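Report on the structure given below.
Where a number appears in this text, it was derived from the coordinates with a stated rule and is not lab data. None of these values were measured; they are calculated from a predicted model. Positions of Cβ are backbone-derived with ideal geometry, glycine not excepted, and every protein chain shown enters the neighbour counts.
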Amino acid sequence: MYLLGIDIGTSYWKAVLYDISGRVVAGSVLPAKVHRGAKFDYYEPGRLWQSVTLLIRKIVSQVKDPVSIGGIAVASMAESGVPLDKRGRALFPIIAWYDKCTMAQSEWWLENADRRKVRGITGLHAKHIYSVNKIMWLRENEPAVYGKMAKWLCIPGFIVHKLTGACSMDYSIASRTMLLDINKRKWSEEMIEHAKLDRNILPPLYPAGTAIGKLTKEAAEATGLDRKTVVVTGGHDHVCGAFAAGAVNEGTMVDSMGTAESMFCAVNAPVRSKNIYKAKFSSGCHVQPGKYYVMGGIYTSGAAVDWVAGLFSSGKKPVKEDKMNFYKKIINESSKLSSKEHDLFLVPYFRGSGPPDVDYNRRAMIFGLNLSVTKHDLVAAAIRGLCCESRKTMEALESCVNGKMRKVVVVGSLSGIKTWMRTKANTLGRDIEVMGVPEAGALGAAMLAGMGSGIFKSAGEVGENMRPKKTLIKYEPAETLKLNSYYKTYCTLLIK
């Protein structure tokens, strides 16, 4: 029996098939088609669904019998969504989660709502990225679309709807709408009323790993899946990745590395400390039953590497597999050839800075340029800068949950670059564990599919069977001593 995990990321859309021991059986990947519009960056809903069907059909073509695929679930970027009409048709493009067209709506919350109450109910600070602001933007800028909207579905729910015809949202995705009461795991009537939204546009809520239904005839024909395949609620990609990595109890931190980078730790209850309010970390519902999380991150991690790698490329964007080999090559070369270990700094704020110093208007900076600086020096500085941001975020997060993490696990495709991982361990000054499967979000989704389809009876059982082994990377005290000095200088530059 097999389990299928779909991962809809910012830059790539992936499908991975696993057996019940967690072994990869088949995989397929497509680049995400991001449109750069005059008003906002967006994805086309029809193109997204077509891509998902292509990914699944490629998977199905590699198995003897589609009946052997017992369940499917979707992990995805969280805040973006699709407005649907009464017939379930998409009404408008999917505004990219990071797009700043909703800044006016987030400012409205800051001026017209009690910030501590919003934080206490939703676990979130009023940032522009959350779904509520995209819905409000539609009401204010596209009233005809808003008037026809019968449901708002975030991306996993949209794909589940295309597969089954049912509307749904799991708690981890709902945690990124700024409309969920994370304490009660219910839609917050107070937040809905304050935003003056129609309660009926929000779908039913379910725990991650819940069976929603089986495929419609049309979906089976489009994907090649058997109609008996169980469609299950997945969740937020970073949270699914943390689930796959085993970050389900307090004391373990997951560093999830993709286009953006997320620092994540599980907690037993919503955190309400003064530190978390000041640092603007977000809190929400885990896909692990009954658990919560605290999370912050770097808005451009892989995206920063993309920018630096562009200095080496001939202009043609490589496919994902080629890109990873390209990254490994230039990063490994740069670690050997760079001579600017202590006087060149790259601050990776290409989309602003994240917790604990949130500022969407901050910009990336390079310090220490001179005529002898090479591309290899710049790559090495970018990696060190990202590792410094990881340390800054992790230390601030630890102060919010009142305890040093006993374990740090790194997941995501970028975790396969050993030079980067050694630099990360040495910058953090602690050992790290690297998960052996690059597509952690897809694995987490497949594990949830295993729960919802009944193949596994519990989250504990699926974890015992499907979680992969990890590779330990030990930090080197002598290198950490050097990088401590570098880190202090880096932090000093941030306040200038």
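Quick notes on this structure:
- Once the Cα gyration tensor of segment 2-239 is diagonalised, semi-axes √(5λ) in Å: 31, 18, 16
- Direction-averaged projected area, Cα convex hull, the chain: 21.6 nm², rounded to one decimal.
- Taking a ≥ b ≥ c as the square roots of the eigenvalues of the Cα gyration tensor, segment 100-165 is classed as oblate, since a/c reaches at least 1.5 and a/b does not exceed b/c.
- Less than 5 angstrom separates the built amide H of residue 301 from those of 260, 261, all sequence-distant by 5 or more or on a different chain.
- Ranked by the mean number of other Cβ atoms within 10 Å per residue, highest first, peptides 28-35, 294-301 order as 294-301, 28-35.
- Inter-centroid distance (Cα atoms) of segment 16-57 relative to segment 431-465, Å: 20 Å
- FRET efficiency for residue 107 and residue 201, using Cβ-Cβ distance with R0 set to 25 Å, rounded to 0.05: 0.65
- The packing ranking, built from the mean of other Cβ atoms within 10 Å per residue, places the peptides 442-448, 79-85, 487-493 in the order 442-448, 79-85, 487-493, highest first.
- Over 25 Å (Cα to Cα) - which of 214/457; 134/392; 404/457; 39/375 fall in this group: 134/392; 404/457; 39/375
- Integer Hz, Karplus 6.51/-1.76/1.60 couplings in order for segment 69-79, x for Gly and Pro: 8, x, x, 9, 8, 10, 9, 7, 3, 9, 7
- Residue pairs, from the table 127/148; 291/469; 184/291, whose Cα atoms sit over 18 Å apart: 127/148; 291/469
- Residues whose amide H falls under 5 Å from that of residue 409, counting only those 5 or more places apart or on a different chain, are 253, 254, 255, 433, with hydrogens built in the peptide plane.
- Selection of trypsin sites (Lys or Arg not before Pro), segment 63-116, meeting DSSP coil and at most 13 other Cβ within 10 Å: 64, 86, 87, 89
- Whole-Hz ³J(HN,Hα) from phi, Karplus 6.51 cos²θ - 1.76 cosθ + 1.60, for segment 114-130, glycine and proline x: 6, 4, 5, 5, 4, 4, x, 7, 9, x, 10, 9, 6, 8, 6, 6, 6
- Nonlocal amide H pairs with residue 154, under 5 Å, H built at 1.01 Å: 82
- Filtered trypsin sites (Lys or Arg not before Pro), segment 407-476: DSSP coil and at most 11 other beta carbons within 10 Å: 457, 469, 474
- Rg/Rh, computed from the Cα trace of segment 348-409 with Rh as the Kirkwood radius, has the value 1.08.
- For segment 398-425, backbone nitrogen atoms closer than 13 Å to the point 7 Å from residue 479 Cα along Cα-to-C-beta are found at 417-425.
- With a simple spin-label model that places each label point 7 Å from the Cα along the Cα-to-Cβ direction, the separation between residue 326 and residue 38 comes to 3.2 nm.
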